[in-house]
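A.B. asks: Input: one structure, supplied below.
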Amino acid sequence: MLRSRPLDTETAKKRQLFQMKQFATEGLNIPLKKNWSESWCTLSQEFDKVLVELLDMEVRPEDVFIITFIKCGTTWMQEAVWLLLNNLDFEKSKNVHIWDRSPFLDNHGFNVTAPNAIKLCKTLSSPRVIKTHMPPNLLPPQLWKNKTKIIYVARNCKDVVISSYHFTKKLGSWRGSSLEEFAQDFMNNEVMYTSFWSHVVDYWKMRQEPFVFFTTYEEMQRDLPAVIRELCQFLGRPQLTNLEMENIKIHLSFDKMKENRQTNITFLMREQVPTISEDFQFMRRGIVGSYRDEMSPALQAQIDNWSRKYLALHGLTEEDIFGKL
């Protein structure tokens, strides 16, 4: 059963474009056991309607779900997986928008002017590659029952804060005045899709499930060919030849992805979102550790302390999840 409660703090009312709520369900069929009914996710009130439809969605055995917290390399992984499942059809990927090939399931809750991606999913042939930012207990229970393939990408917290700040600020959905204010809202679970660490840790704890593939943005940056080889094995696809690997590496490079209008969502969002800034960029830098250029040492220390406290409750450190950053 879908549960919700208002998020009516003064900062949320002041800084968020939309009225915000928090949502949870009892987490039917999820292999990780916890009190899912109290595992809340912050979303706009538009999700009152979207989640009813999403939770009831029919999931096919061949589906592959790409799941991340926002700004964690979702589009990068979407494009990689779609290509592997479609015989490296670079021509189609350059002529058909990624959201038409690989729908963003919850987009019409996040972006109220966007088409209904759940309906679009029904029209696609299998295997479908479906993107979402939902935590485990807001995914269709049928996904967990059927053990549908999940590919999860995590990214280090401070880079996510920086990237999410620029994204939501330029999008017009967050209306605060500074990075420090945004970081506070992020840590207080007042930003869309938070709680961040709950999102990451819950999927990390399920990484040993045979239908879950867990990787990190940092690992994709360190050794993309190795990640692609692991993906081929996970997806039951033949390993790539040396030439094929070189071609997909070039196609998936940050510069190529950014200049490709079918993968760089900047252009589509400028058309769809009335509050968007003229200088909005969906793909900005794509650099690991870029937070060091923008985040004060004091704010870095504050986020590190917040992260350390949360992860300690689970007997974890950031290095357990990401390796050495």
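Only the coordinates and a few stated rules stand behind these numbers; no lab work does. All values derive from a computational prediction rather than experimental measurement. Reconstructed Cβ throughout: ideal geometry from the backbone, glycine too, with neighbour counts over all protein chains shown.
A.B. asks: What ranking do 135-143, 240-248 get when scored by the average of other Cβ atoms within 10 Å per residue, highest first? Working shown, then result.
C.D. replies: Numbers: 135-143: 23.3, 240-248: 13.6.
So the order, starting with the most tightly packed, is 135-143, 240-248.
A.B. asks: How large is ³J(HN,Hα) for each residue in the range 298-304, as worked out from phi by the Karplus curve 6.51 cos²θ - 1.76 cosθ + 1.60 (θ = phi - 60°), to whole Hz, x for Gly and Pro?
C.D. replies: 5, 6, 4, 5, 5, 5, 4
A.B. asks: Ok, one more. At a 10 angstrom cut-off on C-beta neighbours, averaged per residue, how do the peptides 21-29, 114-122, 6-14 rank from highest to lowest?
C.D. replies: On the way: 21-29: 18.6, 114-122: 16.1, 6-14: 13.4.
By packing density, highest mean first, the sequence is 21-29, 114-122, 6-14.
A.B. asks: Once amide H atoms are placed 1.01 Å from N in the peptide plane, what residues at a sequence separation of 5 or more from T216, or on another chain, have their amide H within under 5 Å of its amide H?
C.D. replies: Those lying under 5 Å, H to H, from T216 are A154.
A.B. asks: So if I take the centroid of the Cα atoms in the range 89-165 and the same for the range 3-38, what is the distance between those two points in Å?
C.D. replies: So the separation of the two Cα centres works out to 20 Å.
A.B. asks: Say we join alpha carbon atoms closer than 10 Å with springs in a Gaussian network model of the chain; which of E46, E91, E79 then has the biggest fluctuation?
C.D. replies: So, out of E46, E91, E79, the one fluctuating most is E91.
A.B. asks: Related question: What distance in nm separates the simple spin-label points at L124 and C232, each placed 7 Å from Cα in the Cβ direction?
C.D. replies: Spacing of the two 7 Å Cα→Cβ label points: 2.3 nm.
A.B. asks: Would you mind telling me the antiparallel percentage of the DSSP bridges in the chain, rounded to 5? Don't skip to the answer; put the middle values down first.
C.D. replies: On the way: 9 of 24 bridges.
Percent antiparallel among DSSP bridges in the chain is about 40.
A.B. asks: In nm, what is the difference between 0.36 nm times the number of residues separating K14 and L313 and their Cα-Cα distance?
C.D. replies: Values: separation 299, 0.36 × 299 = 107.64 nm, distance 3.15 nm.
Going from the current span to full extension adds 104.5 nm.
A.B. asks: Right, next: Quick one: work out Rg over Rh on the C-alpha atoms of the chain, Rh as Kirkwood radius.
C.D. replies: 0.93
A.B. asks: Still on this model: Can you list the residues, at least 5 places off or on another chain, whose amide H is less than 5 Å from the amide H of L7, using H built in the peptide plane?
C.D. replies: Amide H neighbours of L7: M20, K21, Q22.
A.B. asks: Under a 10 Å cutoff between Cα atoms, tell me which one of K149, K158, K256 has the largest fluctuation in the Gaussian network model of the chain.
C.D. replies: Greatest mean-square fluctuation among the candidates belongs to K256.
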